[in-house]
Amino acid sequence: MRKIILFVVFALSAIPAAYADNSPTPTQQASAMCKQQRTAIGATFFTQMYGGGKNAYGRCVSKLAGTVSSDKTNASKQCAAERADAAFASSHGGKTFDQFYGTTNKSGKSSNAFGKCVSSKAQEQEQQQQQSTINAAKSCKTERKSLGAAGFKSKYGGHSNAFGKCVSKTAKASNP
């Protein structure tokens, strides 16, 4: 009898996990983005960009997890505005919001259009920011080599965070 009860409890606890959302968490997305940045610009410059020595990766993940979350919030607002727009079909090939973003199920109805809209817009924003950061880091890496470590450091405030300041400034200038 005990085995049957344990089996039932275990089976019932597994049901929510089977229906759980399989999308990555903001932390998982941030971790992947940080790995991509570290590979693109090199470990030394990655550490200089985020500071913290051995904890640069953790600082990167922490910073980007917040960015990923805000990207989803912004994307949600954009999609809500699109869904409410009466002229949506005229600017999207005659398709309604559900037809444009949703998938058609067996009964012929569109489903999950809002979620797909949010996901696509958030992903687009993240990719733009990621590319902007990597391009800025590469630009600063080149600038540091041309100015020398001392000249570069004095240009960006005279502190050990000069590389991070350069990347931040350059990325903001290219992505206003």
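Screening the stretch 25-44 for residues that are among the small types (Gly, Ala, Ser) and closer than 13 Å to Thr133 by Cβ and picking the one that is surrounded by the most Cβ atoms within 10 Å (Cβ to Cβ) gives Ala30. If you go through the stretch 12-43 and keep only what is part of a helix (DSSP H, G or I), farther than 24 Å from Gln125 by Cα and either in contact with a helix residue (DSSP H, G or I) (Cβ under 8 Å, 6 or more places away or on another chain) or at pLDDT below 90 (or both), you end up with Leu12, Ser13, Ala14, Ile15, Pro16, Ala17, Ala18.
What about Val167, is it farther than 24 Å from Gly52 by Cβ, touching a Cys at 6+ places or on another chain (Cβ under 6 Å) and not in a strand (DSSP E or B)?
On the way: farther than 24 Å from Gly52 by Cβ: no; touching a Cys at 6+ places or on another chain (Cβ under 6 Å): yes; not in a strand (DSSP E or B): yes.
Spelling it out, it is not the case that Val167 is farther than 24 Å from Gly52 by Cβ, touching a Cys at 6+ places or on another chain (Cβ under 6 Å) and not in a strand (DSSP E or B).
Restricting Thr47, Thr142, Thr67 to those that are loosely packed, with under 15 Cβ neighbours inside 10 Å, not in a loop (DSSP other than H, G, I, E, B) and not acidic (Asp, Glu) reduces the list to Thr142. Tell me which residues, restricted to the stretch 77-123, are acidic (Asp, Glu) and assigned to a helix (DSSP H, G or I). Hits for the stretch 77-123 are Glu82, Asp98.
Scanning the stretch 145-166 for residues that are under 16 Å from Phe46 (Cβ atoms) and touching a Lys or Arg at 6+ places or on another chain (Cβ under 9 Å), we see that the one that is surrounded by the most Cβ atoms within 10 Å (Cβ to Cβ) is Phe163.
The values are calculated or read from the model by the stated rules, or taken from the named source; none is laboratory data. Note that the structure is predicted; figures quoted are calculated from it, not measured. We place every Cβ from the backbone using ideal geometry, glycine too, and count neighbours over all the protein chains shown.
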